[in-house]
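The next block holds one structure in the form of structure tokens; read it before the comments.
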Ligand SMILES: [Mg+2]
């Protein structure tokens, strides 16, 4: 029995469903309790999600206990990612002219280059992550494909609110509730989305301390990426070297290693960050990074509140 489509909507402000686009839950309570990516196939309608074979005993067998509303299993079929007209993102100024595709996780575009190392200063990095040049942590989420237009973002204080202290990998929240909608819109309009973030770990000497710093940063980035549910290339500079903003090493990695066959259109690319040199800012590294690269810069408020305001 097909469920009503009306219950499938974003639940902004709620914790993200850990299965993202692969969640097949049909209960209204689940959809009200957990936020799902704008690219979730439920927003396309029910045809691709619910077939007669999914009903009855087979569906009951696969559904998780009611006491674990977020414990959904991945879909067997690859989800469609075309945006639904009812999704809040339709209010954004960037039109959905080119809905993104989501190739399987094993698609060549996402394969971690074999040149990447699997450890940072002798400490293993999480599954899926790699290390370039001895200090740059690299992760690809949902097959980010090359595009001449690059939309690049700082993480802490720009895309996500994160505490300065502590090592909790789950201690993050959306900087603005409509960040996922804006990123989905940019992905749909053909931007390659890249997170460029600094996380100095070279002051740590003990492997346990390095491992804790890696777990914290990678966990927050993974949680964020899965919550927004759009393809992302994530670059984290872990040492005080040229990968660290305002150094342009991360941009060189994008151009020379991540997407060497796709020249970047700098006029159509931009960087957003909160280290903008404003009164009270902790620095101007983000603004200087954009200047060094030669692309447009927006601070987080100018971008998310003025250029792409919620409900615009
Ligand atoms: Mg920042």
Three-way shape label, region 119-307, alpha-carbon gyration tensor, a/c 1.5: rounded
Residue order, fewest to most surrounding Cβ atoms within 10 angstrom, among 39, 192, 262: 262, 192, 39
Packing rank of 136-142, 247-253, where each peptide gets the mean count of other beta carbons within 10 Å, highest leading: 136-142, 247-253
Fewest-first sequence of 265, 286, 154 by Cβ atoms within 10 Å of each Cβ: 265, 154, 286
Size descriptor, Kirkwood hydrodynamic radius, that averages inverse alpha-carbon separations across region 252-312, Å: 12.8
Label-to-label distance, nm, for residues given as residue 146 and residue 168 (7 Å Cα→Cβ offset): 4.1
Paramagnetic label zone (point 7 Å from Cα along Cα-to-C-beta, residue 127; backbone N under 13 Å) in region 225-242: none
Burial order of peptide ranges 211-222, 117-128 (average beta-carbon count within 10 Å, highest first): 211-222, 117-128
Label point distance in nm, residue 7-residue 117, each placed 7 Å from Cα along Cα→Cβ: 5.0
Likely footprinting exposure, 32, 208, 300, fewest C-beta neighbours within 10 Å first: 208, 32, 300
Length added when fully stretched, residue 241-residue 305, from 0.36 nm per residue minus Cα-Cα: 19.8 nm
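All of the numbers you see were taken from the coordinates with simple rules; none came from a lab. These numbers come from a predicted model, not from an experiment. So basically every Cβ, Gly included, is an ideal-geometry build from the backbone, and we count neighbours across all protein chains shown.
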